[in-house]
Amino acid sequence: MSNADVEAGGPARPAPAATTGIKPPPGRYNMNGNGNGVGSAPPYVAPSPFYYDNAAAHERHHWPWLMPLVVIANVAVFVAIMFYNNCPRAGGDCVGRGFLRRFSFQPLKENPLLGPSAATLKKYGALDWYKVVHGGQAWRLESCTWLHAGLIHLLANMVSLIFIGVRLEQQFGFLKVGLVYLVSGFGGSVLSVLFIRKGVSVGASGALFGLLGAMLSELITNWTIYTNRFAAMVNLIIIAAINLAIGILPHVDNFAHIGGFATGFLLGFVLLMQPQFGWLEQPFGSKSKSKYKAYQIILLLLALVLLAAGFAVGLVMVFRGENGNDHCSWCHYLTCVPTSSWKCDN
């Protein structure tokens, strides 16, 4: 997004000119509980930042500090996990053992993403259905979003976060974007644990997809203050569709992607709503035009209802131990479609 807030009252500004590039996927990965293999997805079209023309020099500019801090925190957590993983202690052909010592990576045949073992991730907060439902460890629904399966996984997610999150924070501020990030990550985990019972899942991509979903709903709810909005809408939908479609590859937790995207999409209507065009230009004390349009209020209320209902139903189903696949016989195809080249054992 832009590096300035949209202030109604100036000329209608161009909608974001989307550009795409081939970048590593901000994937949420699913690892077998016994550590025998970690899947990865090939590079695909990642969501690129959107830029808005600066129509007024006096527009507010939020200094982005939260998203860079989140990046630093994710890197610190990864370093700490590698310290406790201590691959040489268990023996084996650890990658980089000679110079990384206890920070060396698990053997490539076990984790090709250059990271710790599945057992270590499970011990320190990965999303695990049994521990969440029967172990009283609901905190894993959020902690898993701060863990990564490997160095490649971490770099892919953090690059995407810098491109998307920093721009959003510049426009809307740390509080709104931080809420979208955290709640979307939680929403992705709820949907994931509802459908996936084998292995463990880690990654910040549920939160990242939430930011992408919020970008889409922000464009919809602030529709009247942009020009070229149809082209921007098509670009956003195509980017989202490609990212979600890649999630049908094995070992990619697409339920976390879908849950995060849906949560962020609804939160965008609630948190990223902007005053309608011309409202700020009215004389103080004699504003005849309402601050928000009727459709913006309707979308906000509808989003709040859907968010509350979605989380209530989802959490009740999770902690009752229900399997989402029992209520949706085809939903497993959303995260993995079997072909002649691979199976969907999970």
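The values are calculated or read from the model by the stated rules, or taken from the named source; none is laboratory data. Predicted, not measured: the structure shown is a model, and the values here were computed from it. No Cβ is skipped: glycine too gets one built from the backbone with ideal geometry, and neighbour counts run over all protein chains shown. These area figures cover heavy atoms from the full protein model, side chains too; ligands, DNA and RNA do not enter into them. Shrake-Rupley method; radii C 1.70, N 1.55, O 1.52, S 1.80 Å.
Worth a mention:
- Protein heavy-atom accessible surface, 1.4 Å probe, per residue over the range 74-144: 50 Å².
- Accessible surface of Val159 - all protein chains present, 1.4 Å probe, nearest 10 Å²: 60 Å²
- Accessible area per residue, Å², the range 183-316 with all protein chains present, probe 1.4 Å: 38 Å²
- Couplings for the range 219-231, taken from phi via the Karplus curve 6.51 cos²θ - 1.76 cosθ + 1.60 with θ = phi - 60°, read 5, 5, 6, 9, 4, 6, 9, 10, 10, 6, 6, 5, 5 Hz in order; Gly and Pro are left as x.
- Sum of side-chain charges, Arg140 neighbourhood, beta-carbon under 9 Å (Lys, Arg +1; Asp, Glu -1): -1
- Convex hull of the range 191-346 built on C-alpha atoms - directionally averaged projected area, nm²: 11.7 nm²
- Short to long, the 10 Å bins of the Cα pair-distance histogram for the range 97-208 hold 14, 39, 31, 15, 1 percent of all pairs.
- By accessible area with a 1.4 Å probe, ligands and nucleic acids excluded, highest first: order of Tyr130, Tyr84: Tyr130, Tyr84
- Solvent-accessible surface (1.4 angstrom probe) belonging to His134, in square angstrom, nearest 10: 110 Å²
- Residue-level accessible surface for Arg229, protein heavy atoms, 1.4 Å, Å²: 70 Å²
- Only protein atoms count toward the accessible area here, which uses a 1.4 Å probe; on the range 173-285, the carbon and sulfur part of that area reaches 77 percent.
- Each Lys and Arg adds +1 at its Cβ and each Asp and Glu adds -1 at its Cβ; summed about the Cα centre, the range 109-187 shows a dipole of about 80 debye.
- In sequence order, the range 313-329 has phi-based couplings of 5, x, 5, 4, 5, 4, 7, 8, x, 6, 9, x, 5, 6, 9, 8, 5 Hz under the Karplus curve 6.51 cos²θ - 1.76 cosθ + 1.60, θ = phi - 60°, and Gly or Pro positions carry x.
- With all protein chains in place and ligands, DNA and RNA left out, the 1.4 Å accessible area ranks Trp129, Trp146, Trp63 as Trp63, Trp146, Trp129, largest first.
- Residue order for Asp253, Asp93 - accessible surface, 1.4 angstrom probe, largest first: Asp93, Asp253
- The spacing between the range 87-123 and the range 164-199, judged by their C-alpha centroids, is 29 Å.
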